[in-house]
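**Student:** Please find one structure pasted underneath; my questions will follow.
The values are calculated or read from the model by the stated rules, or taken from the named source; none is laboratory data. This one's a predicted model, so the numbers in the text were calculated from it and none came from an experiment. All Cβ positions, glycine included, derive from the backbone under ideal geometry; neighbour counts span all protein chains shown.
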Amino acid sequence: MTLDWSIVWLNKGLLAEGALMTIVLTVLTMGLAVPLGIVLAFMRISKWRGLALLSQCFVELFRNIPLILIVYWSFYVIPILVPVQFSAFTTGLIALVLCVSAYNAETFRAGINSVRAGQTNAGLALGMSQFQVMKEIILPQAARRVLPILATTWVSLFKDTSLVSVIAVGELSHVALQIRSQSFRVLEMLTAMAVIYWMMGYPQAKLSDWIRKKFEVKE
Amino acid sequence: MTDTSPIRRAATQRPLLEYKHVRKSFGAFTALDDISLTIYPGEVVCFIGPSGSGKSTLLRGTNGLDPFDGGEVIFDGLVLPRKPSDVRKVRRRMGMVFQNFELFPHKTALQNVAIGPITVLNTDKAEAEQQAMILLAKVGLSDKADNYPVNLSGGQQQRVAIARALAMQPEVLLFDEPTSALDPETIGEVLSVMKALADEGRTMVIVTHEMSFARRVADWVIVFERGKVLEEGPPEQIFEAPTVERTKEFLGHLGWA
Ligand SMILES: Nc1ncnc2c1ncn2[C@@H]1O[C@H](COP(=O)(O)OP(=O)(O)O)[C@@H](O)[C@H]1O
Ligand SMILES: [Mg+2]
């Protein structure tokens, strides 16, 4: 069996576009899933039972279904639910956001809960309002615990964006697999894919390790 | 006939704090059972008694952190409100020092002391930090202003916590076992800061197991047991001639006389 690596070089433009799309998808997903996760976490700890329950249902639903199923589900169900025609990209983005915001909600909730009650009491005893306690005391401490977990989620998300290739979103996996099936250069394309993912993913993983070390909570 | 009731020097003034028939339950368990007490301005009052007798519960209800179920607290002539936004206004006039310090770990010693005035009183940051420096000097920690709590010893952290409480210029200071979490060698430095505050004439309510400190510094001692007041009186009476047998037993357990 002969390997012909020129197929990778010939398609470098397409692959670069795919890689860029992967990055865009990761950034957009996180950009939406962080604020949404915060909203869901605050709903979950709010004193209005209805809001808390709603958030809990959302989180437990999307956290416990395989992402690929959410992707397919979005592809087939969203067109039924809403009259607007979304592009494959938007549909894939929605699926990723649903899943990652559920994860993030739990991350934020755990971060907030990890700050012990005595800290709240100390803030309240000074005469602060609940809001001031949250802003000045709880969130800054929660952030240190949340950031490393968000970094880990980011690294997983970067790889998981490949799953939206099943609904033909033109990110790296989809582009590479398309070239593979047109050229039959299976081994070359899969290897190229692995190398590109690794080259992009490795620095992110290192950055994530660094963040985890830097923000390690010492008390 | 001689008056046998103990002398309470401050009792001629209007009370600063009054507890009237205070009750508190946790489920079926009664933590505070009809407590009525008075604290006068300038007094150092020590709460003593076995673990679980309700001392912390009484202190936490005093500033409404954990409101009572019945009865009322009267602070400076006004009943402690129940509405969160109202109780906050009263709470800022009481300083609280916790057993576990509860300094804010993400802030330096200086920021810990300044944050109350900055957030609650809208004090200008520079002015609040200037005041905070003065208070840190007062507790002997000027050189630790830029340290984070993690880099301070327990005794130093507790002194910062006292400075943090003082920053709000409270009318009463509430201490909940301020030295119980400390290594023996740092207890003294915290107690001497507290003694200095007492000598300034500050009103202080102190839950403590430091009997020799209570004996030396308190104007009035209140002994608790099972959510009730067992006995109250000046330290000479409580420690030298308790009138209630259970007080003797309790002090005996602690190895007191
Ligand atoms: N949040 C709570 N829930 C249930 N029981 C509590 C709670 N806080 C205190 N208690 C109980 O109330 C009693 C009095 O507690 P506390 O005021 O902390 O005692 P002390 O400070 O004198 O040791 C104890 O028996 C304790 O177990
Ligand atoms: Mg206690």
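**Student:** Going by what's in this entry, would residue B:123 be described as more than 27 Å from residue B:209 (Cα to Cα), among the polar types (S, T, N, Q) and at the interface with chain A (Cβ under 9 Å from one of its Cβ atoms)?
**Tutor:** No; evaluated as a whole, the condition is false for this residue.
**Student:** Give the residue that is modelled with the lowest pLDDT, with candidates limited to residues of segment A:188-219 that are touching a Pro at 6+ places or on another chain (Cβ under 7 Å) and away from chain B (no Cβ under 14 Å).
**Tutor:** Looking at residues that are touching a Pro at 6+ places or on another chain (Cβ under 7 Å) and away from chain B (no Cβ under 14 Å), I get A:212.
**Student:** Where residues in segment B:165-207 are within 16 Å of ligand 1 (Cβ to nearest atom) and not aliphatic (A, V, I, L, M), which of them is nearest to the other protein chains (Cβ to nearest Cβ)?
**Tutor:** The residue in question is B:176.
**Student:** Do any strands (runs of 3 or more DSSP E) lying entirely in segment B:27-99 carry at least 1 residues that are crowded, with 20+ Cβ neighbours inside 10 Å and facing chain A (nearest Cβ under 10 Å), and which ones are they?
**Tutor:** Per the criteria, B:94-97.
**Student:** Considering segment A:114-132 alone, what residues qualify as being polar (S, T, N, Q) and either surrounded by 15 or more Cβ atoms within 10 Å (Cβ to Cβ) or within 9 Å of another protein chain (Cβ to nearest Cβ) (or both)?
**Tutor:** Those that are polar (S, T, N, Q) and either surrounded by 15 or more Cβ atoms within 10 Å (Cβ to Cβ) or within 9 Å of another protein chain (Cβ to nearest Cβ) (or both): A:119, A:120, A:121, A:129, A:130, A:132.
**Student:** Let me ask you something else. May I ask you to list the residues in segment B:100-112 that are in contact (Cβ under 8 Å) with a residue 60 or more places away in the chain and either more than 8 Å from every other protein chain (Cβ to nearest Cβ) or buried (at least 23 other Cβ atoms within 10 Å of the Cβ) (or both)?
**Tutor:** Scanning segment B:100-112 gives B:101, B:103.
**Student:** Please specify each residue of segment B:26-51 satisfying the condition of being in contact (Cβ under 8 Å) with a residue 40 or more places away in the chain and within 13 Å of ligand 1 (Cβ to nearest atom).
**Tutor:** Scanning segment B:26-51 gives B:30, B:31, B:32, B:33, B:35, B:46, B:47, B:48, B:49, B:50.
**Student:** Of all the residues that make up segment A:163-185, how many are part of a helix (DSSP H, G or I) and either within 14 Å of another protein chain (Cβ to nearest Cβ) or surrounded by fewer than 20 Cβ atoms within 10 Å (Cβ to Cβ) (or both)?
**Tutor:** Total meeting the criteria: 8.
**Student:** Any residue in segment B:220-243 that is outside any helix (DSSP H, G or I), in contact (Cβ under 8 Å) with a residue 12 or more places away in the chain and loosely packed, with under 15 Cβ neighbours inside 10 Å?
**Tutor:** Checked against the condition, which is being outside any helix (DSSP H, G or I), in contact (Cβ under 8 Å) with a residue 12 or more places away in the chain and loosely packed, with under 15 Cβ neighbours inside 10 Å, segment B:220-243 yields at least one hit.
**Student:** Please go through segment A:79-104 and give me each residue that is under 24 Å from residue A:159 (Cβ atoms) and of a type outside the set (A, V, I, L, M), ordered by number.
**Tutor:** Scanning segment A:79-104 gives A:86, A:87, A:89, A:90, A:91, A:92, A:99, A:101, A:103, A:104.
**Student:** May I pose another question? Would you mention how many residues in segment B:162-185 are more than 16 Å from ligand 2 (Cβ to nearest atom) and either modelled with pLDDT of 95 or more or at positive phi (or both)?
**Tutor:** Counting residues in segment B:162-185 that are more than 16 Å from ligand 2 (Cβ to nearest atom) and either modelled with pLDDT of 95 or more or at positive phi (or both) gives 12.
**Student:** Which one of the conditions (1) crowded, with 22+ Cβ neighbours inside 10 Å; (2) not in a helix (DSSP H, G or I) does residue A:146 fail to meet, given that it meets all the rest?
**Tutor:** For residue A:146, the failing item is (2).
**Student:** Among the listed residues B:115, B:162, which satisfies the condition of being within 14 Å of chain A (Cβ to nearest Cβ), more than 17 Å from the chain's Cα centre (by Cα) and in contact (Cβ under 8 Å) with a residue 24 or more places away in the chain?
**Tutor:** On inspection, the qualifying residue turns out to be B:115.
**Student:** Quick test of your reading of the structure: residue B:11 fulfils all but one of (1) more than 11 Å from every other protein chain (Cβ to nearest Cβ); (2) outside any helix (DSSP H, G or I); (3) away from ligand 1 (no atom under 16 Å from the Cβ). Name the failing condition by number.
**Tutor:** Single failed check for residue B:11: (2).
**Student:** Let me ask you something else. Return yes when residue B:147 is buried (at least 16 other Cβ atoms within 10 Å of the Cβ), modelled with pLDDT of 95 or more and polar (S, T, N, Q) and no when it is not.
**Tutor:** Answer is yes for this residue.
**Student:** Separate question: So for segment A:100-109 (the condition being over 29 Å from residue A:60 (Cβ atoms) and either in a helix (DSSP H, G or I) or touching a Leu at 6+ places or on another chain (Cβ under 8 Å) (or both)), does at least one residue qualify?
**Tutor:** Scanning segment A:100-109 turns up no residue that is over 29 Å from residue A:60 (Cβ atoms) and either in a helix (DSSP H, G or I) or touching a Leu at 6+ places or on another chain (Cβ under 8 Å) (or both).
**Student:** So, one more: Run down B:38, B:62, B:57, B:108 and say which single residue is among the hydroxyl-bearing types (Ser, Thr, Tyr), at pLDDT 95 or above and touching a Pro at 6+ places or on another chain (Cβ under 7 Å).
**Tutor:** Residue meeting the stated conditions: B:38.
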